[in-house]
Each structure stands twice: as C-alpha cells, then as structure tokens.
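The structure appears right after this line, and notes come after that.
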Amino acid sequence: MEFCLEKGSHSVGQHCFHLVMVAAYRRDIFRDERVLRLTKAYLESKADQMGIRIEAIDFGPDHVHLFTSKCGRWSAFDLKQELKGFSSYIMRKNHSKLFRHKLWGKKFWKRGDFCRS
C-alpha cells in the first residue's frame with residue numbers, strides 16, 4: 001500500500017480514513033459469501049464514482065473495515081454517508097432476499113460507526 005501526497009490547486013496533503021461500518025442490529029450477514037461479495041462490489045463502485053481509492057477492505061461477520069485514500073474532497077461524515085447510503089439502498093432494493101431473515105425494515109447498516117483519519 002503506497003500513500004502519496006495529494007496536490008490540489010491550493011493545498012498539499014494526505015487524506016486517508018479507516019472506517020468501520022457495522023451491519024444493522026449487529027447481525028452476522030457477512031457470513032453469507034454472496035452478501036459479502038455484493039456489498040464489497042457496491043462499496044468499491046461508489047468509491048470509484050466518488051474518486052476515492054479503497055486501499056484495503058476486510059469483513060468480519062457483522063462489520064466491514066475500509067482503508068481509504070485520496071479523500072481530500074470528502075469529510076469523514078460525507079464519505080460514510082455516501083458509502084453507507086448507496087450500498088444500503090442497492091442491497092435492500094436488489095438483494096433483500098439474501099438477508100431479510102436477519103434484517104428488517106429499511107436498515108442495512110447500524111447508525112453508529114468508527115472513523116480514524
């Protein structure tokens with residue numbers, strides 16, 4: 001993993017985040033390989049669309065760790081909101097049958113999370 005300084009029109013810096021996002025109700029939905037693969041693909045897709053680089057991604061049974069770089073245009077709050085919102089919407093819309101026995105309502109992610117810059 002190589003981190004380089006990001007150069008903007010008026011700034012230079014390194015913008016990286018370690019995010020931990022937890023599944024709603026702390027349910028172990030990522031034990032299902034299909035849910036894990038789909039969630040990973042949607043997170044990577046949204047990050048790419050936002051111009052964010054995912055350096056590493058790893059899943060526990062009920063959470064995901066993301067190590068991101070090139071986040072200069074995004075606050076930690078906005079980054080989490082975009083990634084969680086998009087992945088939750090698409091997973092619930094297209095793949096809810098995979099996890100509806102563990103999650104209910106309009107929840108996919110737990111409200112709280114962890115971030116370190």
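Could you provide, to the nearest whole Å², the per residue accessible area of the chain with probe 1.4 Å?
61 Å²
Could you compute Rg(Cα) / (2.2 N^0.38 Å) for segment 1-99, with N its residue count?
Taking N as the residue count of segment 1-99, the ratio is 1.14.
With respect to the cross-link table entries Lys46/Lys107; Lys7/Lys106; Lys7/Lys107; Lys46/Lys102, which display a Cα-Cα separation exceeding 30 Å?
Flagged as over cut-off: Lys7/Lys106; Lys7/Lys107.
Quick check: at a probe of 1.4 Å, how many percent of the accessible area of the chain sits on carbon and sulfur atoms?
Ligands and nucleic acids excluded, carbon and sulfur reach 49 percent.
Taking the chain as the reference, fit the longest principal axis to its C-alpha atoms, fit the long axis of helix 33-50 to the helix C-alpha atoms, and give the angle between the two in degrees, 0 to 90, nearest 10.
Roughly 30 degrees between the two axes.
Could you sort 55-64, 79-88 so that the peptide with the highest average Cβ count within 10 Å comes first and the rest follow in order?
With the highest mean Cβ count within 10 Å placed first, the list reads 79-88, 55-64.
The values are calculated or read from the model by the stated rules, or taken from the named source; none is laboratory data. Just so we're clear, the structure is a prediction, and the values are computed from it rather than from any experiment. So basically every Cβ, Gly included, is an ideal-geometry build from the backbone, and we count neighbours across all protein chains shown. The area values use the complete protein model at the heavy-atom level, side chains included, leaving out ligands, DNA and RNA. Shrake-Rupley method; radii C 1.70, N 1.55, O 1.52, S 1.80 Å.
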